[in-house]
1. Given the structure, is Asn134 touching a residue at least 60 places away in the same chain (Cβ under 8 Å), open to solvent by less than 40 Å² (accessible area, probe 1.4 Å) and not aliphatic (A, V, I, L, M)?
2. Among the residues of segment 225-246, is there at least one that is surrounded by 13 or more Cβ atoms within 10 Å (Cβ to Cβ), over 21 Å from the mean Cα position of the chain (by Cα) and among the polar types (S, T, N, Q)?
3. Going through segment 183-199 one residue at a time, which ones are surrounded by 13 or more Cβ atoms within 10 Å (Cβ to Cβ) and of a type in the set (Gly, Ala, Ser)?
4. Out of Ile156, Ile176, I need the residue that is among the aliphatic types (A, V, I, L, M), modelled with pLDDT of 95 or more and outside any helix (DSSP H, G or I). Which one?
5. For Val113, all conditions in the list (1) closer than 30 Å to Ala198 by Cα; (2) assigned to a loop (DSSP other than H, G, I, E, B) hold save one; what is the number of the exception?
6. Looking at (1) of a type in the set (A, V, I, L, M, F, W, C); (2) surrounded by fewer than 15 Cβ atoms within 10 Å (Cβ to Cβ); (3) within 25 Å of Leu50 (Cα to Cα); (4) touching a helix residue (DSSP H, G or I) at 6+ places or on another chain (Cβ under 9 Å), find the lone condition where Val202 falls short.
7. I need the full set of residues from segment 1-23 which are of a type in the set (Val, Ile, Thr) and over 19 Å from the mean Cα position of the chain (by Cα), in order please.
8. In this structure, is Ala49 open to solvent by 10 Å² or more (accessible area, probe 1.4 Å) and among the small types (Gly, Ala, Ser)?
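The values are calculated or read from the model by the stated rules, or taken from the named source; none is laboratory data. Everything numeric here is computed off the predicted structure, so don't read it as measured data. Note that we place each Cβ from the backbone using ideal geometry, even for glycine, and neighbour counts take in every protein chain shown. Note: accessible area is taken over every heavy atom of the protein model, side chains too, but ligands, DNA and RNA are not part of it. Shrake-Rupley method; radii C 1.70, N 1.55, O 1.52, S 1.80 Å.
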Amino acid sequence: MSDILLEIQGAVAVITLNRPAVLNAWTTPMRNEIIAALKQYEADPAIKALIMTGAGDRAFSAGQDLSEAHDFSGDRAVEWVGEWEHYYATLRGLSKPLVIALNGTAAGSAFQVALLGDIRVGHPDVRMGQPEINSGIPSTTGPWIMNSMLGMSRTIELVLTGRLMNAEECHRIGLIHHLVPAAQVFEKAMEIAQELAAKPPVAMRLDKQRFREMSEEGFKSCIEAGRRLQKEAYDSGEPARMMEAFFSARANKK
């Protein structure tokens, strides 16, 4: 079974994260598949808009698959940040609008990816947030993305507590643009994507370009910080210890 599913409906391309058994958590190979699909659709003139969603009804994505990150060394963590730079730069470089259809929880790096989309549609059971601290992983790209949208005060609170916001809070502060019943999330996302696909393409491309230009300096800074801070974190061994505790607690619940 592929880690992602691809579909085209008219001028709209749909990427579905397809690991529902592990809450659509992504690994490096899965992210590489997503990047390849994004680049393919970016280069296709027949595609005017994109949707990203998740399989199942529990999660858009839980973010990084901890079973992959558990054994990282400090040097591997530096490489890992470079992989995220490639993923985020690909998302930021899209000239076509990206609608995020939140079928469930978006946590950690998946929360960040959702915020890198242009418009987000969710339902009342969606939760979003930045729980990396609970796994011993410092949040580096997350604060940069959140600060530009939420301000420093709320960013600090979310990063240090690791709490997940409910859908009502996300909607109230503007992170979820459209809150609809769960059965209508994809339909609403498609409606929006089709509307955006019909917009003048040059103006769309230039607007997207300008948003990227406005935030490029901060993006470069957070990636450099990520290399430095993730290496220190993984060299300390704390992420491995926290993840081991998480795996043990999960096993004891079964």
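1. Numbers: touching a residue at least 60 places away in the same chain (Cβ under 8 Å): yes; open to solvent by less than 40 Å² (accessible area, probe 1.4 Å): no; not aliphatic (A, V, I, L, M): yes.
Answer is no for this residue.
2. No, because not a single residue in segment 225-246 is surrounded by 13 or more Cβ atoms within 10 Å (Cβ to Cβ), over 21 Å from the mean Cα position of the chain (by Cα) and among the polar types (S, T, N, Q).
3. Correct list: Ala189, Ala193, Ala197.
4. Details: Ile156 fails: outside any helix (DSSP H, G or I).
Among Ile156, Ile176, only Ile176 is among the aliphatic types (A, V, I, L, M), modelled with pLDDT of 95 or more and outside any helix (DSSP H, G or I).
5. The single condition Val113 does not satisfy is (2).
6. (4)
7. Start the filter on segment 1-23 by keeping residues that are of a type in the set (Val, Ile, Thr), which leaves 4, 8, 12, 14-16, 22.
Matches in segment 1-23: Ile8, Val12.
8. no
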